[in-house]
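Q: Below is one structure. I have some questions about it.
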Amino acid sequence: MKDMRAELGLWVGRIETILIDRELLDEKGQLAVGMGPSFPQEIEEVLDGFIDNPIELIGLLRISRDARDGRPLSPAVLMAAHLMVKEVLNVLQRSEFDR
């Protein structure tokens, strides 16, 4: 489980960097000011089928940060977050090449 937590820590950091660069998150990793209840069209298309709205994304980031920081999580939550974060990172990284 430690390897899974370590991977989540790396991946969530990369996701945060991408989202900060796209001005969806502020420097503290929170939703950027002015971010409404839905993603900008470009991001909505990229995350389609993975994350439906900014609130879900923040929830996934919080769980991932908790895992990284060693906070207690059930094995099921840890495994689900690991899978989701990996997929979200993959689609975000692929979309960066399309920019």
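The values are calculated or read from the model by the stated rules, or taken from the named source; none is laboratory data. Nothing here was measured: the structure is a model prediction, and the numbers come from that model. Using ideal geometry, Cβ is built from the backbone for each residue, glycine included, and neighbour counts are taken over all protein chains shown. Side chains are part of the model used for accessible areas, which takes the heavy atoms of the whole protein and leaves out ligands, DNA and RNA. Shrake-Rupley method; radii C 1.70, N 1.55, O 1.52, S 1.80 Å.
Here is a yes/no grid of residues against (1) open to solvent by less than 30 Å² (accessible area, probe 1.4 Å); (2) in a helix (DSSP H, G or I); (3) at pLDDT below 90; (4) polar (S, T, N, Q):
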| site | (1), (2), (3), (4) |
| --- | --- |
| LEU19 | yes, yes, no, no |
| VAL33 | no, no, yes, no |
| SER38 | no, no, yes, yes |
| PHE50 | no, no, yes, no |
| ILE58 | yes, yes, no, no |
| LEU61 | yes, yes, no, no |
| ARG71 | no, no, no, no |
| ALA80 | no, yes, no, no |
| LEU83 | no, yes, no, no |
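Q: Tell me which residues, restricted to segment 54-74, are more than 15 Å from GLY13 (Cβ to Cβ) and either of a type in the set (Ser, Thr, Tyr) or in contact with an Asp or Glu (Cβ under 9 Å, 6 or more places away or on another chain) (or both).
A: PRO72, LEU73, SER74
Q: Still on this model: Output the number of the condition that PRO75 fails; it satisfies all remaining conditions of (1) open to solvent by less than 60 Å² (accessible area, probe 1.4 Å); (2) at pLDDT 90 or above; (3) out of contact with any strand residue (DSSP E or B) (no Cβ under 9 Å at 6 or more places or on another chain); (4) not charged (D, E, K, R).
A: All conditions pass for PRO75, except number (1).
Q: With the checklist (1) on the phi > 0 side of the Ramachandran plot; (2) free of Cβ contacts under 8 Å to residues at least 60 places away in the same chain; (3) more than 13 Å from the chain's Cα centre (by Cα) in hand, flag the one item LEU73 doesn't pass.
A: Just one mismatch for LEU73, condition (1).
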